[in-house]
2 protein chains.
Amino acid sequence: MPRRKLDLESVLPELEKRNAKKIGIQLPDGLKYKSEQIAEFFESKGYEVIISGSHCYGACDLDLELLKEVDVLLHLAHTPIFELERVIYVPYYVDYDVEDFEDIEIEERSIALIASAQYAWKLPEVKSVLEKRGYEVELKRGSNRVKMLGQVLGCNYTVLRNSKAEAVLFVGDGLFHPIGAKIYTKKKVYRFCPLDKEFEEVKVDDFLKRRYLSISKAMAAERGAIIVSKKIGQKRLSLALDLKRKAKERSKEVELIYLDDISPQVLENFLYGYFVNTACPRISYDDIELYSVPILTPQEFEMLLGLRSWEDYEVDEIL
Amino acid sequence: MPRRKLDLESVLPELEKRNAKKIGIQLPDGLKYKSEQIAEFFESKGYEVIISGSHCYGACDLDLELLKEVDVLLHLAHTPIFELERVIYVPYYVDYDVEDFEDIEIEERSIALIASAQYAWKLPEVKSVLEKRGYEVELKRGSNRVKMLGQVLGCNYTVLRNSKAEAVLFVGDGLFHPIGAKIYTKKKVYRFCPLDKEFEEVKVDDFLKRRYLSISKAMAAERGAIIVSKKIGQKRLSLALDLKRKAKERSKEVELIYLDDISPQVLENFLYGYFVNTACPRISYDDIELYSVPILTPQEFEMLLGLRSWEDYEVDEIL
């Protein structure tokens, strides 16, 4: 059974070093149920605590408003994107048995190894296991946005850039990251989930079919808008302005909409027939059923404008 | 038929005076469907436009993030709370026939006249009509948060402070403001809606019964949290800290939660049995059916703590 590791004790010397009295705590939604227990831990040590109640989707989504009110912000369960003096990133790891990789059968002999943040810390061990079995294993460092060897984000697959491996093995839960990896590399991608021990080859045909339908639907719409995020690590205003300019050159008018959290509830107030999302790519890819209108990625909007062919479909990345 | 007035032409000289090139547009959710048309108007005059997509609940909720990206922010349909050099408030009035007030029968002879922002601009005319009919009419100025004579907000009834009138007449739609006025004054409150010409005396028994049920439910809960708003005009951190301190003195532990938009979706991630809301009072009062746990006002939390009696029930105000 995979065990979860959250080491709060190790934060205490860091707080002391920074002479902190007031601390903020920011957690992803899935961990917010622990907020009371975490707050109590620090309050029992004499700290004043304020919990960030807003949704939190990653280290791209630092609560800078809360940071103004506290001495130190503890950001839990994401690897750093922005290194700020008063922000301490507290990792939250899933522990799992690397022996499981002794039974995995991959026909290709050279593999690029990737994982999401909670699983990436054990990839060097997984690499050893696979190498002992005769596989050639690639475990690389990506851009500055991903801190661990082999780590991918929903918006970053740079650890796979120029990969020479024949296939990719993703370690983690969910299908989103391995789908992104397959579109990124156009290679065979396998997925192993240490939680349910499921191993499978990842297919993207259905995913791409849905994306194509979204683009067609947007093409038929009269008017769209480009979403720009307020979040520190999702804000791509110059990309949005560039897309607006390109659209205008093709006589297509689009408005710019500035948003923090993007949800069906905020977008339904507008009458636009589609949105182009320059914020977190997962909003376009993952939440497609929630929205009544298409949410395109920047690359998909280029396709709508006739500036990119279907063969050049690329996954949206923030580097 | 009431007509709505939105005067965009009058904004143009103001923009020129400020030498603006990029403008932001912020509208309440109910007007966002007009954003495209408004953006087009300003774009046709050569301005670059970014629309605020976030929910907008009042002038308490200025989009300061958008203000960083533009020269001038146009904030529509609310009267100013914060006078900032680069924010232009664009009024949005509902026009209505003051002759309707010739038929309204109020038994009390002295009346305090109040209205919400979109209706308040015609209160001086309404006053004349009523005075001609022999009523004594009070139309007063409130605190700095309300700019027009007789204007009330969901969080501000200061135009009724020390009122000597026997009864109150509210002009506008919805029941929220007149209910607040009745709790505030403990006098008879009438409501006239110029849209549907409905005239009625406002009752608060059901409202107060629901509030009492919320407080009882919260009393039975083990643990609660106090919500502090990030919004410029809703942020009451020192009030929240004060409530936390009072609770602690009575051996009741509550955490502080910092939030921008408050919704069932963000709160459902937490396990607290109740919340104390120091943000917009309407969240506690209006949205009660949306939340699975009680959302108390600061005054109601004082009742929970045994610091205030039921007879001293007061409507929550931000002054």
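The values are calculated or read from the model by the stated rules, or taken from the named source; none is laboratory data. Just so it is clear, the structure is predicted and the values come from calculations on it, not from any experiment. Methodologically, a virtual Cβ is constructed for each residue, glycine included, from the backbone with ideal geometry; neighbour enumeration extends over all protein chains shown. Heavy atoms of the whole protein, side chains included, go into the accessibility calculation; ligands, DNA and RNA do not. Shrake-Rupley method; radii C 1.70, N 1.55, O 1.52, S 1.80 Å.
The table for this structure:
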{"item": "Residue match in segment B:23-40 (condition: more than 26 Å from B:Met148 (Cα to Cα), touching a helix residue (DSSP H, G or I) at 6+ places or on another chain (Cβ under 7 Å) and not aromatic (Phe, Trp, Tyr))", "result": "yes"}
{"item": "Flag for B:Arg282 being modelled with pLDDT under 95 and basic (Lys, Arg)", "result": "yes"}
{"item": "Options B:Ser44, B:Ser35, B:Ser54: the member that is of a type in the set (Ser, Thr, Tyr), open to solvent by 10 Å² or more (accessible area, probe 1.4 Å) and under 24 Å from the mean Cα position of the chain (by Cα)", "result": "B:Ser54"}
{"item": "Residue within segment A:210-224 that is touching a Phe, Trp or Tyr at 6+ places or on another chain (Cβ under 6 Å) and of a type in the set (A, V, I, L, M, F, W, C) present", "result": "yes"}
{"item": "Which numbered condition B:Lys45 misses (of (1) in contact with a helix residue (DSSP H, G or I) (Cβ under 8 Å, 6 or more places away or on another chain); (2) within 11 Å of another protein chain (Cβ to nearest Cβ))", "result": "(2)"}
{"item": "Hey, A:Ser35 within 14 Å of chain B (Cβ to nearest Cβ) and in a loop (DSSP other than H, G, I, E, B) or not", "result": "no"}
{"item": "Selection within segment B:198-255 - under 30 Å from B:Glu166 (Cβ atoms) and not hydrophobic (A, V, I, L, M, F, W, C)", "result": "B:Glu198, B:Glu200, B:Glu201, B:Lys203, B:Asp205, B:Asp206, B:Lys209, B:Arg210, B:Arg211, B:Tyr212"}
{"item": "So B:Asp316, is it in contact with a His (Cβ under 9 Å, 6 or more places away or on another chain), in a loop (DSSP other than H, G, I, E, B) and in contact (Cβ under 8 Å) with a residue 12 or more places away in the chain", "result": "no"}
{"item": "Long-range neighbours under 8 Å by Cβ, at least six apart or interchain, first residue within 22 Å of A:Leu153 (Cβ to Cβ) within segment A:224-251, second surrounded by fewer than 19 Cβ atoms within 10 Å (Cβ to Cβ) and of a type in the set (Phe, Trp, Tyr)", "result": "A:Ile232/A:Phe82; A:Gly233/A:Phe82"}
{"item": "Verdict on A:Lys127 being of a type outside the set (Gly, Ala, Ser), open to solvent by 60 Å² or more (accessible area, probe 1.4 Å) and closer than 14 Å to A:Leu169 by Cα", "result": "no"}
{"item": "Some residue of segment B:160-172 being of a type outside the set (A, V, I, L, M, F, W, C), outside any loop (DSSP other than H, G, I, E, B) and open to solvent by 10 Å² or more (accessible area, probe 1.4 Å)", "result": "no"}
{"item": "Residue list for segment A:80-115, restricted to those being over 20 Å from A:Ser10 (Cα atoms) and open to solvent by 20 Å² or more (accessible area, probe 1.4 Å)", "result": "A:Ile81, A:Phe82, A:Asp97, A:Glu99, A:Asp100, A:Glu102, A:Asp103, A:Glu105, A:Glu107, A:Glu108, A:Arg109"}
{"item": "Sole residue being in contact with a Lys or Arg (Cβ under 7 Å, 6 or more places away or on another chain) and either open to solvent by 40 Å² or more (accessible area, probe 1.4 Å) or not basic (Lys, Arg) (or both), chosen from B:Glu289, B:Glu311, B:Glu317, B:Glu300", "result": "B:Glu300"}
{"item": "Pairs with Cβ under 9 Å, 6+ apart, first in segment A:54-72 and on the phi > 0 side of the Ramachandran plot, second assigned to a loop (DSSP other than H, G, I, E, B) and aliphatic (A, V, I, L, M)", "result": "A:Gly58/A:Ile81"}
{"item": "Count of segment A:7-32 residues which are closer than 19 Å to B:Tyr272 by Cβ and either surrounded by fewer than 13 Cβ atoms within 10 Å (Cβ to Cβ) or among the hydroxyl-bearing types (Ser, Thr, Tyr) (or both)", "result": "1"}
